[in-house]
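Enquirer: Sharing a structure with you now.
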Amino acid sequence: MRSLLLSLPAKLQATVIVGSTILLAFLIANGSRFFFDTHQLEANTDLISTVYQVLGTIYAILLTFTLWGVWQNFSLANDSVQNEAYTLLDLVHMLEGVTSWEHINIRLAALTYTQLVLEKEWPTLKNMTNDYINIQEANSCESMRLVNLLQKIAPNGDRECVIFSQALTLLATWLDARRKRLLLARGNSAKALWPLLVTGAFVLFAFNGLFVAKTIGIWSALLFGVSLIIGITFYLIFILDCPFTGFTSIDPEPFEFALNVLKKSEK
């Protein structure tokens, strides 16, 4: 189901998720009314309202908790993109500051790596699923090339040893940021909570059908409002749980900035 939704255009994803939630809300609410007599529902309105209020509060907390969790992962993915791009720039500038290390040509390796991230990795990130994370093969050679270039350095003197030690720290930070970006790109961190979210919505919609209103218009408006909010929240949870997909997708601007800096410095 998730793979199918990811294959749809961004606008269609929102339409399908929100529209399906609203449609199911009316089907479930109308279906639950057939099991009870109208007079019985009117006589127990206070009890129904109390239970509905408790369930609604619990469900609101659950939605907030889930939305906050996927937002945290989304923010981590965004931070990892920035850390990866900017740490690579810092590494290049640090190594180029040592005249005796100019022969390793770290700038060319960083430039090639950045280009591959933008041209090959980024389009793949938009379609990643939980069981597909072989993106490293698109750029693993260039990332290992950067690691090997640093391993070939033989520092001389205290100054070069200090710079080399700092460069190794930057290299480790860059590799961690790269791994984090690839892992968080899979998303689907809310997978375990989706059954509970859907079940909770089903129960709320069913209880909504137990309310008796004097006019069908008011009842429909209330149900539409509740289902619309839940549907939009479902969509936000889904789209934020796919950090590199949809209108909220993380922008590759840090890598574009790094690429421009590396190209300008090369001239």
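The values are calculated or read from the model by the stated rules, or taken from the named source; none is laboratory data. The structure presented is a predicted model; accordingly, all values stated were derived computationally and were not measured. So basically every Cβ, Gly included, is an ideal-geometry build from the backbone, and we count neighbours across all protein chains shown.
Enquirer: Looking at (1) surrounded by 12 or more Cβ atoms within 10 Å (Cβ to Cβ); (2) at pLDDT 85 or above; (3) not small (Gly, Ala, Ser), find the lone condition where Cys161 falls short.
Expert: The single condition Cys161 does not satisfy is (1).
Enquirer: If a residue counts only when it is free of Cβ contacts under 8 Å to residues at least 40 places away in the same chain, among the polar types (S, T, N, Q) and under 30 Å from Arg107 (Cβ atoms), which helices (runs of 4 or more DSSP H) contained entirely in region 144-253 have at least 2 such residues?
Expert: Answer list for region 144-253: 157-184.
Enquirer: Could you say whether any residue in region 208-223 is closer than 30 Å to Glu42 by Cα, aromatic (Phe, Trp, Tyr) and surrounded by 13 or more Cβ atoms within 10 Å (Cβ to Cβ)?
Expert: Checked against the condition, which is being closer than 30 Å to Glu42 by Cα, aromatic (Phe, Trp, Tyr) and surrounded by 13 or more Cβ atoms within 10 Å (Cβ to Cβ), region 208-223 yields at least one hit.
Enquirer: Additional query: What single numbered condition from (1) within 30 Å of Trp68 (Cα to Cα); (2) under 28 Å from the mean Cα position of the chain (by Cα); (3) modelled with pLDDT under 90; (4) not polar (S, T, N, Q) fails to hold for Trp194?
Expert: Condition (3) is where Trp194 drops out.
Enquirer: May I pose another question? Please determine whether any residue of region 213-222 is touching a Phe, Trp or Tyr at 6+ places or on another chain (Cβ under 6 Å) and within 17 Å of Leu193 (Cα to Cα). Steps first, please.
Expert: In the first step, residues of region 213-222 are kept if they are touching a Phe, Trp or Tyr at 6+ places or on another chain (Cβ under 6 Å); the result is 213.
Narrowing the set further to residues that are within 17 Å of Leu193 (Cα to Cα) leaves none.
No: zero hits.
Enquirer: Can you pull out the residues in region 12-43 that are over 22 Å from Val198 (Cα atoms) and either of a type in the set (D, E, K, R) or surrounded by 15 or more Cβ atoms within 10 Å (Cβ to Cβ) (or both)?
Expert: Correct list: Asp37, Leu41, Glu42.
Enquirer: Could you pull out the residue among Leu171, Leu175, Leu222 that is closer than 26 Å to Asn78 by Cβ and either more than 23 Å from the chain's Cα centre (by Cα) or at pLDDT below 90 (or both)?
Expert: Leu171
Enquirer: Could you please let me know if Ala206 is more than 25 Å from the chain's Cα centre (by Cα) and either farther than 28 Å from Ala77 by Cα or acidic (Asp, Glu) (or both)?
Expert: So Ala206 fits the description; yes.
Enquirer: Taking region 113-124 on its own, how many of its residues are surrounded by fewer than 16 Cβ atoms within 10 Å (Cβ to Cβ) and at pLDDT 85 or above?
Expert: The total comes to 2.
Enquirer: Criterion first (over 30 Å from Ile28 (Cβ atoms) and of a type in the set (Ser, Thr, Tyr)) does Ser227 satisfy it?
Expert: No.
Enquirer: Now a separate question. Out of Leu41, Leu47, Leu55, which single residue is farther than 30 Å from Lys180 by Cα and touching a Lys or Arg at 6+ places or on another chain (Cβ under 9 Å)?
Expert: Result of the check over Leu41, Leu47, Leu55: Leu41.
Enquirer: Okay, moving on. Among the helices (runs of 4 or more DSSP H) lying completely within region 9-109, list those that include at least 2 residues that are at pLDDT 85 or above.
Expert: Once the helices (runs of 4 or more DSSP H) in region 9-109 are filtered for at least 2 residues that are at pLDDT 85 or above, what remains is 10-33, 45-96.
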